[in-house]
Amino acid sequence: MGRTYTAVIQQDEGWWIGWIQEIPGVNGQERTKDELLEALRVTLQETIEYNREEAIRRTECEAFEEVTIEL
């Protein structure tokens, strides 16, 4: 089952702006609502992948264990 995230969006002066509540730094601005939601999906996926890669890179010289935690 996939995790869900909350996009907070609004229209402001002809633009749609928004961010993902649960992940700081995932935000966007687009001309249409659909474009904004797609941009947020892409940015969210890229951020999660980057954070995971960065966490693994930082532990390359040490023994570590990955443990799944379910919310």
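A short reminder: the numbers here are calculations on the coordinates, not readings from a lab. It should be emphasised that the depicted structure is a prediction, and the values quoted were computed from it without experimental measurement. Glycine gets a Cβ as well: all are built from the backbone with ideal geometry, and neighbour counts include every protein chain shown.
Among TRP15, ALA55, VAL26, flag the residue with its Cα farthest along the positive direction of the charge dipole of region 7-58, charges on Cβ as +1 for Lys/Arg and -1 for Asp/Glu. It is ALA55, whose Cα lies furthest towards the positive end.
Size of the dipole of the chain about the Cα centre, Lys and Arg at +1 and Asp and Glu at -1 on the beta carbon, nothing else charged, in debye to 20? Write out the running numbers ahead of the final one.
On the way: 7 positive and 16 negative charges, 33 e Å.
Magnitude of the dipole: close to 160 debye.
GNM on the chain, alpha-carbon springs under 10 angstrom: the most fluctuating residue among ILE56, ILE20, ILE48 is ILE56.
Applied to region 41-51, the Karplus parametrisation 6.51 cos²θ - 1.76 cosθ + 1.60 on θ = phi - 60° returns per-residue 3J(HN,Hα) values of 4, 5, 5, 4, 4, 4, 5, 4, 4, 4, 4 Hz, with x for Gly and Pro.
Neighbour counts of other Cβ atoms within 10 Å put GLU22, GLU66 in the fewest-to-most order GLU66, GLU22.
Only loop residues by DSSP count here, and only those with at most 14 other Cβ atoms within 10 Å; note down the trypsin sites (Lys or Arg not before Pro) in the chain that meet that. Passing sites in the chain are ARG3, ARG31.
The alpha carbons of the chain occupy a box of 51, 24, 15 Å along the principal axes, longest dimension given first.
The residues GLU49, GLU30, GLU38, when put in order of fewest to most other Cβ atoms within 10 Å, stand as GLU49, GLU38, GLU30.
Return a whole-number percent for the relative contact order of region 7-58, with Cα pairs under 8 Å and 6 or more residues apart as the contact set. Write down the numbers at each step before the final one.
Numbers: 61 pairs, mean separation 13.3, N = 52.
Computed over region 7-58, the figure is 26 percent.
The string of couplings for region 12-23 from the Karplus curve (6.51, -1.76, 1.60, θ = phi - 60°) is 9, 6, x, 10, 9, 10, x, 8, 9, 4, 7, 10 Hz, one whole number per residue in order, with x for Gly and Pro.
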